[in-house]
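Contents: one structure, followed by commentary.
FYI, it's all coordinate maths here, none of it is from the lab. Model, not experiment: these values are computed from the prediction. Note that each Cβ is placed from the backbone with ideal geometry, even for glycine, and that neighbours are counted across all protein chains shown.
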Amino acid sequence: MIRDSKTLSIWQDVIPFVNLNESPNENDDFDAIIIGAGITGLTTALSLQERGKKCLILEASNIGYGTTSATTAHLNTVLDTPYNAVIKGFGEDNAQLLAQGTKQAIALIKRNIDHYKINCDFEYKDGFLYAENEEQVKDLDDIYDGLQKVGLDVSPVDTIPVPVPFIKAIQFSGQAQFHPVNYLLALTEAFTEKGGIIKEHALVSKVEDKNGTQEVHTPDAVYKAASVVYATHVPPGISILSFKCAPYRTYLLGVTLNDEHQYPEALAYDCEEPYHYFRTVYLDDKKILLVGGNDHKTGHNENTEHIFTELEAYIRKHYDVRTIDYKWSSQYYESADGLPYIGKYPGGNEHLYVATGYGGNGMIFGTLAGHIIADLIITGESAYADLFAPSRLKLMASFKNMVTENADVAKHFIADRLSVEALEEFADLGKEEGRVVKYQEKQIAIYKDEYGVLKALSPVCPHAGCIVSWNSAEKSWDCPCHGARYDTDGQLLNGPSVKPLKKIDIS
Ligand code: FES
């Protein structure tokens with residue numbers, strides 16, 4: 001399975017074949033076209049198809065290309081945004097509705113697993129959250145209060161399932177874990193068996209409203225539908241969501257331990273900022289410890305290889321590590337107020353829907369989004385419509401910083417013909433290194449491949465003109481503004497851009 005990065009996640013080792021059967025016909029009228037074949041897209045499409053709707057999924061690359069194949073697949077009712085913060089920002093009733101939604105999402109996943117007999121290693125687990133210093137204890141106490149107020153089952157504990165010294169900890173039940181790619185592929189199979197159609201390698205360049213019918217443009221064809229769902233993180237183009245979502249990268253290591261007893265039988269989290277997260281994966285008879293963390297805003301740290309080194313040092317400090325078996329990074333989007341945007345596309349026509357801004361809780365919100373959007377399309381209503389409305393206008397303090405950071409945009413660049421000699425003069429690069437350099441007042445993104453061949457690109461992101469940064473671990477050019485990513489040839493890896501980086505001719 002190909003994904004949007006150089007590194008491969010633990011889930012991509014064994015991939016069963018999925019038959020996508022028929023191709024879409026341009027003359028067909030679909031009830032809904034869903035753009036993106038991750039957990040949001042597949043859950044939405046299956047939910048609609050189950051309820052008698054005729055759906056087409058258009059995927060820019062392949063199924064499992066994006067974040068769903070790179071998550072650690074913690075299924076949480078305890079979210080990145082603490083309930084005490086949600087109570088403060090949205091009120092206690094809404095915080096309780098949110099908690100109900102998380103439980104509903106886990107129940108929906110379990111329902112699909114039972115109904116379609118999916119083998120994806122689903123297990124209910126307890127969760128643990130622990131504080132390592134007095135400042136974190138204060139945060140933990142507030143989180144505990146919030147959890148009690150929304151009615152989740154939580155209690156203080158004296159032990160935690162990870163060998164990290166702590167001062168105070170809480171335990172909560174009703175969490176779960178699974179194999180996200182096996183689940184996704186089973187949803188794919190269920191969807192196509194019910195008559196749904198998936199077209200891979202169909203990048204959507206635009207959606208046009210023609211008298212209430214949505215015309216969805218791909219390189220090969222234009223498809224028609226009554227409704228269109230963007231299940232693509234931030235949708236393409238510039239919209240209010242471009243400014244209300246911040247892209248982040250997170251880092252994961254899969255580790256074999258010498259001590260069998262050190263593998264946690266639960267999900268665990270610390271209170272650091274960014275926090276570390278832990279779970280155990282069972283691969284056949286072998287256990288692997290997954291540890292994630294060290295998150296940062298996309299495009300704001302070039303030496304991402306070093307981040308893996310830091311994460312490894314952290315794990316070795318606490319665990320007796322035998323081997324590091326997997327390492328990968330992944331992208332997610334933070335919303336401006338801590339809750340996702342799920343529902344009608346803000347400022348778009350009434351037939352467009354969107355789901356994004358899940359933070360680190362993509363499996364939960366992706367699943368919930370699928371059912372919310374299916375309800376909105378079929379009945380026009382959802383109990384969650386107001387809480388997650390993409391048109392709401394709340395901002396949290398941290399988000400305001402992001403807007404400021406992203407203000408240095410739009411430095412357009414006209415590509416000239418440059419000589420290799422000129423490039424080599426000012427770009428002292430090692431093999432498989434990239435850098436944005438300034439040459440004669442122009443910025444150029446240069447990469448030297450494994451054979452020593454230089455590739456030059458315009459670093460101006462075609463989405464809105466920000467300058468991309470080098471990502472050394474994934475060998476990609478990442479945009480710091482809205483998270484678009486490109487490979488070393490400038491080809492698109494992640495939206496919201498729909499165009500490649502412009503090549504600079506090297507004579
Ligand atoms: Fe928006 Fe690059 S992703 S400017």
Need one number: nm distance between label points at L8 and T379, each 7 Å from Cα along Cα→Cβ, rounded to one decimal. 4.4 nm
Linear extension gain, E92 paired with S205, 0.36 nm per residue minus alpha-carbon span: 36.6 nm
Relative contact order (percent) for the chain, with alpha-carbon contacts under 8 angstrom and 6 or more residues of separation? 18 percent
Modelled label reach - Y116, point 7 Å along Cα→Cβ, region 156-198 residues with backbone N closer than 20 Å: 176-198
Packing-based order for 214-226, 266-278, 240-252, using average beta carbon neighbours within 10 Å, highest first: 240-252, 266-278, 214-226
Share of Cα-Cα pairs in region 102-255 lying beyond 28 Å, as whole percent: 50 percent
What are the membrane-span-like helices in the chain by this rule: whole DSSP H runs, Cα extent along the axis at least 15 Å, mean Kyte-Doolittle hydropathy at least 0.0? 39-50, 180-193, 362-379
Shape call, region 1-87: gyration tensor on alpha carbons, a/c limit 1.5: oblate
Once you list every other residue whose beta carbon is under 9 Å from the beta carbon of L492, what net charge do they have if Lys and Arg are +1 and Asp and Glu are -1? +1
Specify whether the C-alpha gyration tensor of region 37-145 places it in the rounded, prolate or oblate class, a ≥ b ≥ c being the square roots of the eigenvalues: rounded for a/c under 1.5, otherwise prolate if a/b is larger than b/c and oblate if not. prolate
Here the FRET efficiency for E193 versus T213, based on Cβ atoms and R0 = 35 Å and rounded to 0.05, is 0.80
Grab the other residues whose beta carbon is less than 11 angstrom from that of Y314, score K and R as +1, D and E as -1, and report the net. -2
In nm, give the distance between the simple-model label positions of H306 and T323, each being 7 Å from the Cα along the Cα-to-Cβ direction. 3.0 nm
Counting only helical runs of four or more DSSP H residues, what would the 222 nm mean residue ellipticity of the chain come to if each run contributes -39,500 (n - 2.57) and the total is spread over all its residues? -8000 deg cm²/dmol
Compute the length gained on full extension between Q491 and Q440: take 0.36 nm times their separation in residues and subtract their Cα-Cα distance, giving the result in nm to one decimal. 15.8 nm
Relative packing of peptides 302-312, 98-108 - highest average C-beta neighbours within 10 Å first: 98-108, 302-312
Scattering profile of the chain from the Debye formula, Cα beads only, expressed as log10 I(q)/I(0) at q = 0.06 Å⁻¹, is -0.27
With a/c under 1.5 counting as rounded, go ahead and sort region 171-253 into rounded, prolate or oblate using the C-alpha gyration tensor (a ≥ b ≥ c being the square roots of the eigenvalues; past the cut-off, prolate if a/b is larger than b/c, else oblate). oblate
For region 225-306, the percent of all C-alpha pairs falling in each 10 Å bin, from 0 up to the bin holding the max distance, is 14, 31, 27, 20, 8, 1
Unit charges on C-beta of K, R, D, E only; dipole of the chain, Debye: 920 debye
